[in-house]
Amino acid sequence: MAVAPVIGLCAMAVLVSSGSPAFFRQTRVGRGGRPFRLVKLRSMRPSDGGPRVTTRDDDRVTPVGRFLRRTKLDELPELWNVLRGDMSFVGPRPEVAEYVDVHDPKWAGILQVRPGLTDPTTLSLRHEEVLMEAAPGDKETYYREILQPLKLAGYQSYLERRTWRSDLVVIWNTVGALLPGRSSARESSGQGPDLPDRAGDA
C-alpha cells in the first residue's frame, strides 16, 4: 500500500512516545451482524476501563494520539480491513457490539452493507469528540440517546439514494475535509461540528 510508509512513521511515533502496542484492535459489528477486528493506530493509553466514547479533553488520549485523531491518521490501518473485505471505502461506520441492536429495525438496512471508512454523516460529524465534550450530563447516555440515533438516520438516508457516483463524491469530499487548514479555525475556537438540519443531507 502506498500509505504503508506513513503508517510506519506514525506507528514509530506511538512506540517512542507511549510504548507498545502501536496498533489498537477492537471488535466491531460488520455486514450481516458478523464481528470483525478493526485495526487503528493506538491513540490512547492502554487501559481496561473507562467509557467507550471519548471527548476532546479525555485524559486517556496521548499527545501523539491527539495529533493522530485530529488528522485522522489513526484510521489509516483500517485500509487493511478494506483489503480483507471487512469494510468498504464508503459506508456506515462500524459500531462496537454493545451499541448495536440487531433486532432493531433501524439497524436492519445498515447491517446489510459493509461498514465503511467514511460516509456523509461521518463526514459531517468528523469533529464528534468536540461535540461530545460539550454534551450535557453523562456522555455515554448522550451518545446512545442523541448522537447515535442521528447517525443511524443519516446512514439510512444515504443508503436509500446511494450510487457509485455518490460514493466517489463522498470520497472526494472526505479528502478535501482532511486537507490542512480546512477545519483548524473551528477546532481552535472550540466550536462543535456543523450538524445537518436533516441527518444525511450534509
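The figures follow:
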| read-out | value |
| --- | --- |
| Residue among A11, A97 that is among the small types (G, A, S) and touching a Phe, Trp or Tyr at 6+ places or on another chain (Cβ under 9 Å) | A11 |
| L150 vs. criteria surrounded by 14 or more Cβ atoms within 10 Å (Cβ to Cβ) and more than 24 Å from P180 (Cβ to Cβ) | yes |
| Matching helices (runs of 4 or more DSSP H) fully within the stretch 36-149 where at least 2 residues are at pLDDT below 90, touching an Asp or Glu at 6+ places or on another chain (Cβ under 8 Å) and of a type outside the set (S, T, N, Q) | 128-134 |
| Selection status of V169, assigned to a helix (DSSP H, G or I) and within 30 Å of D57 (Cβ to Cβ) | no |
| Test: residue in the stretch 121-132 that is surrounded by 21 or more Cβ atoms within 10 Å (Cβ to Cβ), free of Cβ contacts under 8 Å to residues at least 40 places away in the same chain and within 30 Å of V3 (Cβ to Cβ) | yes |
| Matching option when the condition is out of contact with any His (no Cβ under 6 Å at 6 or more places or on another chain), closer than 20 Å to R25 by Cβ, of a type outside the set (S, T, N, Q) and crowded, with 20+ Cβ neighbours inside 10 Å, among L68, L79 | L68 |
| Selection from the stretch 98-123 of residues that are among the aliphatic types (A, V, I, L, M), touching a strand residue (DSSP E or B) at 6+ places or on another chain (Cβ under 9 Å) and under 19 Å from N81 (Cα atoms) | L111, V113, L117 |
| Breaking point among (1) in contact (Cβ under 8 Å) with a residue 24 or more places away in the chain; (2) touching a Ser or Thr at 6+ places or on another chain (Cβ under 7 Å), for V61 | (1) |
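The values are calculated or read from the model by the stated rules, or taken from the named source; none is laboratory data. What you see is a predicted model; the values in this text were computed from it and never measured. Reconstructed Cβ throughout: ideal geometry from the backbone, glycine too, with neighbour counts over all protein chains shown.
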